[in-house]
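Asks: Supplied in structure tokens, the structure appears directly below.
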Amino acid sequence: MQIALRRFAKEGYHATKISDIVSEAGVAQGTFYWYFKSKEAIALEIVEDGRQQLLEVIGHGYRRDAGTVQDMVQASEALLGKLFVFAESNRHLMELLLGGVSSSDPVRQAIAETRSALENAFLLNIQRAVELGMLPDSIDSRLRAALLMSLIEGIISRWLFGSTVPDNGIKTKTAQQLASETARFEFFGLLGI
């Protein structure tokens, strides 16, 4: 699966052949078909595995107790730090999920569902913060989750795949530096400060 993921990210879904995958893996083509019925099937499994891993990372950051604004910023910084470290360690997966790879309709649909599931995970976290009285009832949680998801996708895309122009700034940041800046932006934006 790692070989297929890397090839999908680097060469493209359509340009990657099963024969390329099995040749690099050092297995017979029949072995591939023992586990996967098609190239699409392996791509769908890669997306599903990635979705589960990402939801697990986000799930660790769910609000459990009320706290101050500073507590919220620190909790978000920790969550975003884990998310950015995951993204950096799983660069090919992030490239696949963030739309850098053309694929079949079912794979595109699975990627869209993954992004929607991630946004929903952020929505649940925001709603929990509202329930705990950490955020005002008046905020539009769905819009905030969409804005947060767009912010995170944009940061990861520019950080991992963006321009190599030296003055970009974002490319030289560590996962923790990005997490810190993103958390502060997230919360001061959520509170309207």
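Asks: Straight-line reach from residue 173: which lysines have Cα under 16 Å away, leaving out those fewer than 8 places along the same chain?
Replies: Straight-distance partners of residue 173: 82.
Asks: Next question. Using the alpha-carbon centroid of each, what span in Å lies between the range 5-24 and the range 42-69?
Replies: 27 Å
Asks: Over the chain, what relative contact order in percent results from Cα pairs under 8 Å that are six or more residues apart?
Replies: Worked out over the chain, it gives 28 percent.
Asks: Quick one: if the Förster radius is 22 Å, what FRET efficiency do residue 40 and residue 10 give, using the C-beta to C-beta distance and rounding to 0.05?
Replies: With R0 = 22 Å, the Cβ-Cβ based efficiency is 0.75.
Asks: List the trypsin sites (Lys or Arg not before Pro) in the range 15-47 that DSSP assigns to loop (not H, G, I, E or B) and whose Cβ has at most 15 other Cβ atoms within 10 Å. Which are they?
Replies: Taking the range 15-47 and a limit of 15 other Cβ atoms within 10 Å, the loop trypsin sites (Lys or Arg not before Pro) found are 17, 37.
Asks: How many nm is it between the label spots at residue 91 and residue 158, if each spot is 7 Å from the Cα in line with the beta carbon?
Replies: Roughly 1.9 nm, to one decimal.
Asks: What number, rounded to the nearest 500 deg cm²/dmol, is the helix-based mean residue ellipticity at 222 nm of the chain, given -39500 (n - 2.57) per DSSP H run of at least four residues and division by all its residues?
Replies: -23500 deg cm²/dmol
Asks: Also, quick follow-up: Kyte-Doolittle cut-off 0.0, length cut-off 27 Å along the helix's own axis using Cα: show which whole DSSP H helices in the chain pass.
Replies: Answer set is 39-59, 69-89, 141-161.
Asks: When ranked by the protection proxy of mean other Cβ atoms within 10 Å per residue, highest first, what sequence do the peptides 51-57, 1-7 form?
Replies: 1-7, 51-57
Asks: Let me ask another. I'm spelling it out carefully: the read-out is P(r) over Cα pairs in 5 Å bins from 0, in percent, the candidates are (i) 1, 8, 17, 21, 21, 16, 10, 5, 1, 0; (ii) 1, 7, 13, 14, 12, 11, 10, 9, 8, 6, 4, 3, 1, 1, 0; (iii) 1, 7, 15, 18, 16, 14, 11, 8, 5, 3, 2, 0, and one was derived from this structure. Which label?
Replies: Identified label for the calculated read-out: (iii).
Asks: Taking 0.36 nm per intervening residue step and subtracting the Cα-Cα distance, what contour gain separates residue 52 from residue 25 on full extension? Show your work: numbers first, answer last.
Replies: Working: separation 27, 0.36 × 27 = 9.72 nm, distance 2.45 nm.
Gain on extension, residue 52 to residue 25, equals 7.3 nm.
Coordinate-derived values only; no laboratory data. Quick caveat, the model's predicted, so the values are computed rather than measured. Cβ: placed from backbone, ideal geometry, glycine included. Neighbour counts: every protein chain shown.
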